[in-house]
Every structure is written in C-alpha cells, then in structure tokens.
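Just below is one structure, and these are the notes that go with it.
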Amino acid sequence: MPCTATDTAPNAASPTTHPCRVQQVRRLTGDSVLVTLDPGDALQAFRHEPGQRVTFCLDLQDRTCFRSYNLVNAPEGLPQVAVKQVAQGGASQFFTQDLRPGDILNVAPPEGDLYPAEVDTSTHHLMLFAAGSGITPLYSIARHALRAGPDHRVTLFYANRSARDIMFRKELDQLAASPRLEVFHILGDGGTGEAHSSGRLCPDRVAGLVAQFGRPSFPEIAFISGPKGFQEAVQTGLRDVAPQLDVRAFSFGRQPYHHPDDPTDLRHGVDIHIVKNGVTRHIFGAPRHLTLLEAADHAGIEVPAECRGGICHRCKAKLLDGRTVSSGPREEQRTPPPGHILCCQERPASDEITLDLD
Ligand code: FES
C-alpha cells in the first residue's frame with residue numbers, strides 16, 4: 001500500500017501528510033544525518049513545540065512503514081530531523097544512505113506533549129539526560145529553554161560510546177556559550193578527560209550528578225531520552241535522590257504513529273480476533289500504539305513468542321483480515337511468508353484484524 005499525501009485540513013478523523021521536498025542531507029556523525037525538509041505552502045503546519053516529532057510515511061523496497069523523528073530546527077526555520085543509522089534499521093538506512101536532495105517525502109505534522117507549557121511560566125532548572133540519538137528532543141528543549149521568556153537554567157548530561165558519536169557537538173558547544181547552559185559529555189570509551197566524563201550512567205552516578213549539579217533554589221524538572229535501559233537507570237537514580245522531581249521520559253522505541261490512509265478516528269481502539277487451535281478469542285478496543293503481541297499480552301491471550309525482535313518468527317501468524325504496519329526493523333532474509341506477519345513487529349492499521357496462529 002503506497003503512502004499518499006492529502007492536502008485537506010488536519011483533523012482527528014483523517015491525519016494529513018504533506019509532501020515535503022528534501023532540501024539538504026548533511027552528515028552529523030559517521031552514522032547520522034541532518035535532513036532539512038521544505039514543505040512549501042504547508043510550512044505553517046510544521047511550526048512546533050519543543051520536543052515534538054513528525055511522522056514519515058515511507059515507501060521502502062518491501063513495505064510501507066511509519067517512522068517518527070523529533071524536529072530539531074528553530075521554530076521559524078524549515079523542518080529538520082536528525083536520523084542515526086541503527087542495526088537492521090531499514091528506515092534509518094534509507095535516511096542515512098539513500099536519501100538525496102530533491103526527493104519527496106510524505107510527512108505528518110508535529111505532535112507530542114513532552115514539554116509542559118507551564119514550565120515557561122516561571123524560571124526552572126531543566127535537567128536533561130540523553131543517550132545517543134536520544135539527544136534530538138532534548139536538543140530542541142535546550143534550545144527552546146535558552147530562548148524562552150523565563151531565565152531557565154539547563155544542565156545536559158549526554159551519554160555516548162565515544163566522542164565520534166556525539167550528535168550536534170558543534171551546535172551544543174555554541175549553545176554552551178550561554179552561562180545558563182552546562183553540558184556534560186559522558187563517554188563509554190574513557191571520556192573527554194574532564195571530571196564526570198567517563199563510563200556509564202548508572203543509578204548511583206545519576207544520584208551523584210543530581211546531588212552535585214542540582215539547583216534546588218529553582219523548581220526543577222528532568223527530561224530523559226534514550227533506550228529503555230538508560231531510561232530505567234536514570235529514573236532509578238532520580239527516584240533515589242529526588243523522589244518528588246517531575247520527570248518526563250521520552251522513549252524513541254515506543255512512538256505512536258498516525259496512519260495517513262486510515263480514515264478512522266485514531267482515538268478509537270481496534271478489535272483483534274485471534275484464532276488458535278480452532279478457537280477464536282477476541283480483544284475489543286485494543287490501543288493502536290501496541291503491537292499485536294503486546295495487545296495479546298495485555299488481554300491475557302497467549303501468543304507464542306521468544307525474541308520479540310522479529311528474529312525467531314515464533315510469533316508468526318496468518319493475517320486473515322485487516323491491515324497492519326511494521327513497527328520495527330525486519331531482517332531481509334527472514335521476512336515471513338506472503339500473507340503472514342510477525343505479531344511482535346506489527347501494529348494495527350485497520351479497525352478489525354483477524355489472525356490465525358494455527
Ligand atoms: S517473537 Fe520472535 S519474531 Fe516475534
């Protein structure tokens with residue numbers, strides 16, 4: 001099913017994508033790029049709040065998929081996203097290796113509420129914890145915080161494997177010229193030579209950093225963005241040292257998506273019918289952001305599964321009715337047979353889905 005772009009006004013029942021011309025693809029690190037888009041007349045639809053993301057509807061070689069990336073441009077500029085290549089990531093490979101200026105991509109407008117508007121009603125200290133490409137929403141928040149009305153203070157702890165992997169290094173150095181922003185790079189390969197700069201962020205370390213760099217004279221709020229293990233470590237550390245702290249976590253592994261071709265109201269759930277051993281069980285109103293395997297887990301329906309990563313194929317099912325979209329990278333040689341899907345890799349794209357596990 002190809003991606004299509006519409007040019008009707010956005011509404012909840014029919015999410016709109018806009019055709020955007022790729023204006024520039026600039027390399028940020030060896031495995032990441034900054035993509036600048038020109039939405040033409042639709043530019044106004046891409047004005048965004050800090051930490052918001054846009055969703056791309058991508059026609060890759062073997063499938064249509066949806067991927068969300070955070071906007072990192074200044075509010076008045078052309079939309080920009082930063083994409084890092086991930087292992088077996090078909091979409092990230094497309095962005096980092098195949099995309100060229102002049103290409104047209106269908107993009108849904110910004111969404112997300114990571115950054116609470118009330119933060120800007122008074123001066124806050126923002127503590128930002130990012131790992132790898134998790135920097136993207138926090139870079140946007142840091143830049144916003146330095147321009148916002150109140151004189152926010154910002155402390156960014158940014159973890160990477162090595163200095164080569166730091167995205168937006170130059171831009172962060174420029175931002176750090178402000179006395180209101182401090183940036184600490186934490187590098188797995190031994191650090192930058194500065195204090196606090198080497199090793200991993202474990203809960204004890206997070207607690208120590210907050211105790212040292214916290215500014216309790218201001219209301220404080222923490223934002224976390226990175227893989228699940230990183231988030232858990234930071235959250236545990238913050239809970240230990242500042243249990244009352246307002247903490248907002250952004251997981252790029254669990255981003256909701258909009259299906260531009262689906263005319264249904266995305267707020268409504270999906271009915272999933274699962275046939276197993278000749279018996280049909282039903283899940284009514286399953287949330288659309290869950291994979292089919294997660295929806296079955298929540299409903300207490302056992303679906304065979306092992307890796308949950310698209311590798312073992314134990315969750316393979318025949319798709320008898322309905323449509324799904326891929327939620328993760330799929331290994332080329334191990335695509336399921338025609339008419340079949342991997343329940344751990346697919347999310348609903350229609351109101352009704354019927355699966356056969358037999
Ligand atoms: S659980 Fe292994 S491929 Fe889905």
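Here is how the numbers come out for the structure above:
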quantity: Residues of the stretch 76-91 classified as at pLDDT 90 or above and hydrophobic (A, V, I, L, M, F, W, C), total; calculated: 4
quantity: Residue match in the stretch 288-309 (condition: under 23 Å from the mean Cα position of the chain (by Cα), away from the ligand (no atom under 11 Å from the Cβ), in a strand (DSSP E or B) and at pLDDT below 85); calculated: no
quantity: Test: Tyr115 is among the hydroxyl-bearing types (Ser, Thr, Tyr), within 17 Å of Gln52 (Cα to Cα) and in a loop (DSSP other than H, G, I, E, B); calculated: yes
quantity: Residue list for the stretch 135-185, filter: assigned to a helix (DSSP H, G or I) and small (Gly, Ala, Ser); calculated: Ser140, Ala142, Ala145, Ala163
quantity: Residue that is farthest from the ligand (Cβ to nearest atom) [pool: residues in the stretch 340-356 that are over 16 Å from Gly310 (Cα atoms) and part of a loop (DSSP other than H, G, I, E, B)]; calculated: Asp351
quantity: Within the stretch 313-335, tally of residues that are at pLDDT below 85 and in a loop (DSSP other than H, G, I, E, B); calculated: 7
quantity: Filter result for Glu220 (under 30 Å from Val303 (Cβ atoms), of a type in the set (Asp, Glu) and at pLDDT 85 or above); calculated: no
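Results for (1) surrounded by 17 or more Cβ atoms within 10 Å (Cβ to Cβ); (2) of a type in the set (Lys, Arg), shown as yes or no for each residue.
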position: Arg100; (1), (2): no, yes
position: Pro110; (1), (2): yes, no
position: Ala130; (1), (2): yes, no
position: Tyr139; (1), (2): yes, no
position: Gly149; (1), (2): no, no
position: Val154; (1), (2): yes, no
position: Arg161; (1), (2): no, yes
position: Phe168; (1), (2): yes, no
position: Asp173; (1), (2): no, no
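The values are calculated or read from the model by the stated rules, or taken from the named source; none is laboratory data. The structure presented is a predicted model; accordingly, all values stated were derived computationally and were not measured. Positions of Cβ are generated from backbone atoms using ideal geometry, with glycine treated the same way; all protein chains shown enter the neighbour counts.
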